[in-house]
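Okay, so here's the structure we're looking at.
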Amino acid sequence: MVINKCRIIFIVISVCSVIVGCSHGKELPQKVNKEEYCKKEYQTTEVIQGQFVPSVKLILQDNDFEKINYKMQKEDLELSSLNVSVGDKVKKGDVLVSFDSKELNDELEEYVKKKENAEALMQHYTNLMKIDATLDYKEDIEMLTEDIEVDELYIKEIRKVLKGYSIVAKRDGVITYIDKNLLNGYYVPSATLITQVFSLGKYTATVEDDSIFSKNEIYKGTTGKIQCNLKLINKDNGKLVFKTIEDVSALLDTGILEIEIEREAIEEAVYIEAHGLNVMDNKYFVYVIDENGFREKRDVDVGETYNGYTIIKKGLSPGEKVAY
């Protein structure tokens, strides 16, 4: 059979044209730029082995503590007397500081003189009637008596107002602050002039385990830069009651003290920073960093936690790094 070569060439050219035409109708795949892999870095804490000194920090609260700030709202008064100093113990009702009002004092003096004059005139009328029975000053005496009664009411009211210009202790306590302006003989209205604190010196705290605390033991309490000695006077089912040995109420600004108790040291203990631990369903685990820098989850058995460190009973070795 004879095959027409021209016809074969035509068919091949046609097929190639179709293929080329199809390739022009589609976009060529584009190259995707991928970021180079970078291993994630973690914050870590190292597993430590050595002597571990457990300590317990307690926040003690004085539930009876009260801080009282005294002010004078009234303006245009003059300081009459300052009767206390910082550190003084005062009783309820003691006058701490007194103020005067020139205007009210002038008014008081006027009513006092008026009353004295009326009393003197009434006595004069009475004496005259004793000397001369024909004289009758009864109506005058009655009028003077009424005037005296009115004067006494005004005098009483003014003295009551002046008394209100005194700062009186609301309860027993200790003076802890006096405004420097007041010490210099004047005051700023509405400013705190005197501060008093009240405290029985009893501090309480609640702990889950009170076995490390001994009744009548002396402990050191701190608040800021202030330190004091406290005696444990009672413990009952985790409730502790301490009493300050020294009276430090004059130094305190709040009714809060902190104590730290050290327990017997544990030798060769394995421990880590507590924030390196994770817990789920009451089971503890950590993420250990392996030699290639990757995290590996590992279950651990833990002991007690003190001041941010937890003892590891099983699962970790000294020097290992734990991610958190």
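The values are calculated or read from the model by the stated rules, or taken from the named source; none is laboratory data. Since we're looking at a predicted model, the values are computed, not measured. Cβ coordinates were reconstructed from backbone atoms using ideal geometry, including for glycine residues, and neighbour counts include every protein chain displayed. Note: accessible area is taken over every heavy atom of the protein model, side chains too, but ligands, DNA and RNA are not part of it. Shrake-Rupley method; radii C 1.70, N 1.55, O 1.52, S 1.80 Å.
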**Asked** So which strands (runs of 3 or more DSSP E) stay within the stretch 132-233 end to end and still have 1 or more residues that are among the charged types (D, E, K, R) and either open to solvent by 30 Å² or more (accessible area, probe 1.4 Å) or in contact with an Asp or Glu (Cβ under 8 Å, 6 or more places away or on another chain) (or both)?
**Response** 202-206, 218-223
**Prompt:** Consider Ser190 against the criteria (1) in contact (Cβ under 8 Å) with a residue 12 or more places away in the chain; (2) closer than 24 Å to Leu60 by Cβ; (3) within 26 Å of the chain's Cα centre (by Cα): it satisfies all of them except one. Which criterion is unmet?
**Reply:** (2)
**Message:** Being open to solvent by less than 40 Å² (accessible area, probe 1.4 Å) and at pLDDT 85 or above is the filter here; which residues of the stretch 239-264 pass it?
**Reply:** Leu240, Val241, Phe242, Thr244, Gly255, Leu257
**Item:** Among the residues listed as Thr204, Thr222, the single one being farther than 26 Å from Gly319 by Cα and in contact (Cβ under 8 Å) with a residue 60 or more places away in the chain
**Value:** Thr204
**Request:** May I ask you to verify whether Ala169 is under 38 Å from the mean Cα position of the chain (by Cα), at pLDDT 95 or above and of a type in the set (Gly, Ala, Ser)?
**Result:** yes
**Request:** For the stretch 293-308, state whether one or more residues are at pLDDT 90 or above, within 30 Å of Lys67 (Cβ to Cβ) and touching a Lys or Arg at 6+ places or on another chain (Cβ under 9 Å).
**Result:** no
**Prompt:** Restricting attention to the stretch 276-296, which residues are in a strand (DSSP E or B) and among the aliphatic types (A, V, I, L, M)?
**Reply:** Val279, Met280, Val286, Val288, Ile289
